[in-house]
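Dropping a structure here in C-alpha cells format, bear with me for questions.
Here, each number is a calculation from the coordinates, and none is a lab measurement. Everything quoted here is computed from the prediction, not taken from an experiment. For neighbour counting, all protein chains shown are included, and Cβ atoms are generated from backbone atoms with ideal geometry for every residue, glycine included.
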Amino acid sequence: MVGLRLDANLKWLFTELPFVQRFEAAAAAGFSGVEYADPYPFVPAELARRLADAGVEQVLLNTPMGEPGTPGSQGYACLPDEVPAFRSGVLKALDYATVLKAGLVHVVGGIVPEGVAPERAFAQYVANIAWAAEQAKGTGITLVLEAQNKRSAPGFVLAGQASAAAVVEAVGADHVGLLMDFFHLQIDEGDLSESYARFRPLIRHLQVADVPGRNEPGTGEINYRHLFRTILDSGYDGWIGCEYTPAGTTTDGLRWIEELTP
C-alpha cells in the first residue's frame, strides 16, 4: 500500500466475520484505516476500543439514514419535511466522529421525495449542508458530499459531480468537500481521469469499486492501474475507501492491491 492510503470499508469487506471482528481482520490484511456507514447500533466507546485493539484509524462514517422503505432510507438532507431528523442526525454523527477520532463525516444526500419538486429538494439540501457546516466548524471534522449514480439510487438529489461541487463552493467552508466514488462516477458520467483532475481541489475522500458488478478493482471495465497512477501523481494524500463486494473471499480478493497500485 506504499504511496496510496487504502482503508477497508467494514460494511462491505470481511463480511465472512461478525462486524466486531472485522477491525482485527482489516489490520491483519494490512489496512491501517477503516470506514463504515453505520456505527449507530454500537456505543462509541465500544467501537473506540475495537479500533484501539486492532491498531487502526477510523477514517469516515455516514450521517444516520432511515429504515428501508422510509423517505429517509437514503439520507435526510434533501427532505423538506425532515429537517429535525436531519439536524439530530448530523449532531449524532459529529458526536460519534469526535469519540472515534474520525476526520470525515459523509452527509448522505437522499432521494427526492415523491410530490416534491427537484428544485425544492435541492434548495433544502443546500440549506441543510450550510447548517451542518456551521455545526462542524472548529471540530476538526470535514463534511463530505457524494453524488450517487441513478441506477443504484434513482432520484438521488445530486445530479452529478458538478452538482456536488457547486454545493461545496456555495457553502464556501474549508471543512466541506467532495467524496468522489469512482463506481458511481463511471456509471453516470465516465471520463474518470478528467473528472478527477477537474474536481481534485475539492476532493477530500475517494472510494473504489469496479463496474458493473461493484466488485474489487480489476474485475470490470475501469482501468484502475491508470487511475491509481493518476491519483498518486496528483499528490493526493487522503484516504481511498475500498467500498466493494468481494467476488470471492475478502482476503483472496486483495491481490488487486499489489497488482494495480503503484
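If the label point is 7 Å along Cα→Cβ of Q135, which residues in region 87-125 have backbone nitrogen under 13 Å from it?
Those under the cut-off are 87-98, 105-108.
Another question, then. What list of ³J(HN,Hα) couplings, whole Hz, do you get for region 145-162 from phi and the Karplus terms 6.51, -1.76, 1.60, once you set θ to phi - 60° and write x for glycine and proline?
Coupling constants for region 145-162: 10, 10, 7, 10, 6, 7, 7, 7, 9, x, x, 4, 5, 8, 6, x, 4, 5 Hz.
Quick one: Karplus J couplings for region 83-92, per residue in order, coefficients 6.51, -1.76, 1.60, θ = phi - 60°, nearest Hz, x for Gly and Pro?
Values per residue, Gly and Pro as x: 4, x, 5, 4, 5, 5, x, 4, 5, 5 Hz.
Tell me which residues come under 5 Å, amide H to amide H, from L158 once H is placed; ignore anything under 5 positions away on its chain.
When sequence neighbours closer than 5 places are left aside, the close amide H contacts are Q148.
In terms of Cα to Cα distance under 15 Å, which aspartates and glutamates are near enough to K92, apart from those fewer than 8 places away along the same chain?
K92 reaches D38, E134.
Based on the Cβ-Cβ distance from A166 to A117, what FRET efficiency comes out when R0 is 22 Å, to the nearest 0.05? Walk me through the numbers on the way to the answer.
On the way: r = 18 Å, r/R0 = 0.82.
Efficiency, rounded to the nearest 0.05: 0.75.
Could you work out [θ]222 nm for the chain from helices alone, using -39500 (n - 2.57) per DSSP H run of at least four and dividing by all its residues? Round to the nearest 500 deg cm²/dmol. Provide the component values of the computation, followed by the final result.
On the way: 10 runs with 101 residues, N = 262.
So the helix-based figure for the chain works out to -11500 deg cm²/dmol.
So who's got an amide H within less than 5 Å of the one on V176, skipping anything under 5 residues away but keeping other chains? H placed 1.01 Å off N, in plane.
L143
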